[in-house]
Amino acid sequence: VQLQAFGGGLVQPGGSLRLSCAASGSIFRFSVMAWYRQAQGKQRELVASLTSGGLPNYVDSVKGRVTISRDNAKNTVYLQVNSLKPEDTAVYYCYAREVGDRIYWGQGTLVTVSS
């Protein structure tokens, strides 16, 4: 299974973006799908995750601004980010973990928040 993330770009502060992560196969095999991000010079960090049962989890710095969702029919997970801030600038990576704990990463999509 391959994960392809897209939807990044240059956005002004206060703007919104929706990132998409499309899997090449069924996402029913994944117990968890998530988005991580890595800013320049910093460690990769979890942004949001979503279990197969539909339970979301958000890092405190994005709570209230971010929504993670999945479309099983399209084998895609989304990350809606609103009220973007310059500190949201990072490469965003899609992550998925199978029931047997095998992990997959997407290639990343760059989000730049700047005026």
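The values are calculated or read from the model by the stated rules, or taken from the named source; none is laboratory data. What you are looking at is a predicted structure, and each value in this text was computed from that prediction instead of being measured. Neighbour counts are summed over all protein chains in view; Cβ atoms, including those assigned to glycine, are modelled from backbone coordinates with ideal geometry. Quick note on the areas: whole protein, heavy atoms, side chains included, nothing else; ligands and nucleic acids left out. Shrake-Rupley method; radii C 1.70, N 1.55, O 1.52, S 1.80 Å.
Rank by packing, highest mean first: peptides 52-62, 12-22, 28-38, with packing defined as the count of other Cβ atoms within 10 Å averaged across residues.
Numbers: 52-62: 12.7, 12-22: 16.2, 28-38: 19.7.
In decreasing order of mean packing, 52-62, 12-22, 28-38 become 28-38, 12-22, 52-62.
For the range 50-105, what % of the accessible area comes from carbon and sulfur atoms, probe 1.4 Å? List each step's numbers first, then the result.
On the way: 1460 of 3010 Å².
Its accessible area is 49 percent carbon and sulfur atoms.
Averaged per residue, what accessible area in Å² does the chain show with a 1.4 Å probe, protein chains only? Present the calculation step by step, with values, prior to reporting the outcome.
Working: 6140 Å² over 115 residues.
On a per-residue basis, 53 Å².
When the Kirkwood radius is taken over all Cα pairs of the chain, what Stokes-Einstein diffusion coefficient follows at 4 °C and 1.567 mPa s, in µm²/s? Write out the running numbers ahead of the final one.
On the way: Rh = 14.0 Å.
Roughly 93 µm²/s, to the nearest whole number.
If Lys and Arg each add +1 and Asp and Glu each add -1, what is the summed charge of the other residues whose beta carbon sits under 14 Å from the beta carbon of Phe28? Before the final figure, lay out each step's value.
On the way: positive: Arg29, Arg70, Lys74, Arg97; negative: Asp71, Glu98.
Net charge in that neighbourhood comes out at +2.
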